[in-house]
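Below is one structure, written out as structure tokens, with a few remarks after it.
We did not get these values from a lab; they are worked out from the coordinates using the rules stated. Computed from a predicted model, the values in this text were never measured in an experiment. Glycine also receives a Cβ, built like all others from the backbone with ideal geometry; neighbour counts cover every protein chain displayed.
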Amino acid sequence: MVNYQYVRYGRSEAGASLLLAGSERGEGDGREAWGGSRRGARPLPARQAAKELTLYAKIDTNRIPYDFKRMKASDYFDDCIEEIGLGLEAEHIGLSYFNYAEDSVEIIADPEQLKRVIDNIIGNSIKYMDKEHGLINIRVKDVGDFIQIEIEDNGKGIAQKDLPFIFDRFYRTDASRNSATGGSGIGLSIVRKIVEDHGGKIWAASKESTGTVMYFVVRKYQEVPNE
Ligand SMILES: Nc1ncnc2c1ncn2[C@@H]1O[C@H](COP(=O)(O)OP(=O)(O)OP(=O)(O)O)[C@@H](O)[C@H]1O
Ligand SMILES: [Mg+2]
């Protein structure tokens with residue numbers, strides 16, 4: 001049984017946050033780290049891992065062929081999340097989605113690479129899920145010059161000592177190195193690079209055994225007013 005909620009223009013945050021609500025309001029409940037993310041619902045087959053490493057090499061030397069487009073934020077994220085919903089259904093993880101952005105708001109982004117960002121973050125939420133009733137809550141918010149995306153899970157969480165490093169290349173927490181989950185620790189470093197190449201930034205708040213929230217922003221497209 002999967003709880004799939006799909007809400008546009010939610011007026012109230014009530015019930016929107018599964019957990020860590022205090023940290024979002026800056027009450028110091030969760031811990032924050034600036035940095036970046038990647039994918040991996042399951043141990044990566046060697047060939048795919050090699051592909052990701054090749055991508056990293058390209059990203060590293062600024063050879064990633066970005067194809068930036070001007071697009072409607074709401075349409076883009078609605079489509080992404082619809083696709084993600086199908087994947088989560090297969091994993092028996094519940095999804096809530098709240099899109100607070102106006103229909104007209106546009107972003108400048110490479111749709112494919114931005115999708116990679118979301119897939120990587122969700123991939124981690126799936127991979128590090130330790131609850132019987134896994135839940136992912138995605139929020140799209142308008143925060144002035146940026147659109148902010150928040151992806152929250154109720155998985156195993158990340159220790160405070162690890163949080164500042166999760167966006168570093170090859171960094172994996174002791175907990176994930178010692179577990180059966182495969183991975184090379186490059187996912188979040190690729191994600192950070194892509195987000196930064198979009199003029200945005202990414203950070204996380206987490207509480208061990210409670211869950212994790214990944215936040216990232218992408219700049220809105222804005223007309224330059226004529227003088
Ligand atoms: N949603 C999450 N919940 C718990 N821990 C997480 C989450 N996302 C990331 N982490 C921790 O951050 C580390 C770095 O994540 P990253 O995606 O870069 O690497 P990985 O998942 O270990 O490997 P790869 O993504 O290359 O397959 C992970 O090893 C894990 O310890
Ligand atoms: Mg990963």
Q) Once amide H atoms are placed 1.01 Å from N in the peptide plane, what residues at a sequence separation of 5 or more from residue 135, or on another chain, have their amide H within under 5 Å of its amide H? A) 94, 154
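What full-extension length gain, to one decimal in nm, is calculated for residue 141 and residue 54 as 0.36 nm per residue of separation minus the Cα-Cα distance?
Values: separation 87, 0.36 × 87 = 31.32 nm, distance 3.30 nm.
Value of the extension gain: 28.0 nm.
Multiply the residue gap between residue 90 and residue 132 by 0.36 nm, knock off their C-alpha separation, and tell me the result in nm, one decimal place. Provide the component values of the computation, followed by the final result.
On the way: separation 42, 0.36 × 42 = 15.12 nm, distance 1.44 nm.
Full-extension gain reported as 13.7 nm.
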**Q.** Cα principal axis extents for region 67-180, largest first, Å
**A.** 46, 30, 24
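Neighbour counts of other C-beta atoms within 10 Å: give me 54, 173 arranged from fewest to most.
Values: 54 10, 173 18.
So the residues, fewest neighbours to most, are 54, 173.
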Q: Please work out the FRET efficiency for the pair residue 201 and residue 79, using the Cβ-Cβ distance as r and a Förster radius of 35 Å; give the result to the nearest 0.05.
A: 0.90
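Filter the cross-link list 72/201; 156/201; 141/201; 58/220; 69/115; 51/127 down to pairs whose alpha-carbon distance in this structure exceeds 22 Å. Intermediate values should be presented prior to the final figure.
Numbers: 72/201 20 Å; 156/201 24 Å; 141/201 15 Å; 58/220 26 Å; 69/115 13 Å; 51/127 19 Å.
Listed pairs above 22 Å: 156/201; 58/220.
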(Q) As an exercise, use a Förster radius of 35 Å and the Cβ-Cβ distance of residue 181 and residue 223 to find the FRET efficiency, rounded to the nearest 0.05. (A) 0.15
(Q) Using the Karplus curve 6.51 cos²θ - 1.76 cosθ + 1.60 with θ = phi - 60°, what ³J(HN,Hα) values do you get for each residue of region 127-143, in whole Hz, with x for Gly and Pro? (A) 5, 9, 7, 10, 9, 5, 9, x, 9, 10, 10, 10, 10, 10, 10, 9, 10
(Q) I need the phi-derived Karplus couplings for region 194-202: 6.51 cos²θ - 1.76 cosθ + 1.60, θ = phi - 60°, integer Hz, Gly and Pro marked x. (A) 5, 4, 5, 5, 9, x, x, 9, 9
